[in-house]
Amino acid sequence: AAGVPVRIGGVPGNVDVTGTGSNADNSGSLGSATVVNHGTLTFSRNDTHVVANPISGSGALRIGIPAAGGLGDTTSQVLIYQGVATHTGASTVNNGALVIASGASIGGSSLTVEAPASLQGSGTATAPLTVNGTVAPGSGVGTLSVTGNTTPAGTLAVEVDGAASDKP
């Protein structure tokens, strides 16, 4: 139904795909579904997991849950996104890490990286980016492309190698 929050992980909500109603855990996935999100899609796991599903719709995307929410610790979550997200709602990385893989992209009306979260990878962020946490481009020496405006208030972590470059 439109507007219904969906959480992938063990955080209780209107829909809890683990069926446990417990705090953040390492279960739940979208399978191979094409996601049309008109509510809030939250990834609240506490492990490293890969998501390749296309995500569209007018809804919001959340990675991690705010620590103040008291619903579990998702600071160890690493979501490796390998798809194309063209949704038009806001995207927020509350804690843990969002890794945009090479060839993947995250859109939306905005992309906010809160402290202590991080944005990593070699893909593309097409939404305006606000950084209160950390941006760590590449996987090793590499490039994370941002095509929207950027508001930096956090940390930029780069790897420097005098012998290696991703640009000629």
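The values are calculated or read from the model by the stated rules, or taken from the named source; none is laboratory data. Owing to the predicted nature of the structure, the values given are computational and were not obtained by experimental measurement. Only protein heavy atoms, including side chains, enter the accessible area calculation; ligands, DNA and RNA are left aside. Shrake-Rupley method; radii C 1.70, N 1.55, O 1.52, S 1.80 Å.
Got a sec to turn the phi values of segment 43-52 into Karplus ³J(HN,Hα) couplings, 6.51 cos²θ - 1.76 cosθ + 1.60 with θ = phi - 60°, whole Hz, x for Gly and Pro?
Per-residue couplings from phi come out as 9, 10, 9, 10, 8, 8, 8, 10, 10, 10 Hz.
Stretch Thr150-Val36 to full length: gain in nm at 0.36 nm per residue minus the Cα-Cα span?
Separation in residues times 0.36 nm, less the Cα-Cα distance, equals 38.4 nm.
Leaving ligands and nucleic acids out of the surface, order Asp73, Asp47 by accessible area at 1.4 Å, largest first.
On the way: Asp73 95, Asp47 35 Å².
If we order Asp73, Asp47 from most to least accessible, we get Asp73, Asp47.
Calculate, in nm to one decimal, what Ser29 and Thr48 gain on full extension: separation in residues at 0.36 nm each, minus their alpha carbon distance.
Values: separation 19, 0.36 × 19 = 6.84 nm, distance 1.20 nm.
Result: 5.6 nm gained on full extension.
Could you quote the convex hull projected area for segment 31-100, Cα atoms only and averaged over all directions, in nm²? The partial results should precede the final answer.
Details: hull surface 17.1 nm².
Directional mean of the projected Cα hull area for segment 31-100 stands at 4.3 nm².
What are the semi-axes of the equivalent ellipsoid of segment 87-138, taken as the square roots of 5 times the eigenvalues of the Cα gyration tensor, listed largest first and rounded to whole Å?
Values: eigenvalues 44, 40, 12 Å².
Ellipsoid half-lengths, sorted descending, are 15, 14, 8 Å.
Amide H to amide H under 5 Å from Ser91: which residues, 5+ apart in sequence or cross-chain, H placed 1.01 Å off N in plane?
Residues meeting the criterion, in which the H sits 1.01 Å from N, are Leu61, Ser109, Ser110, Leu111, Thr112.
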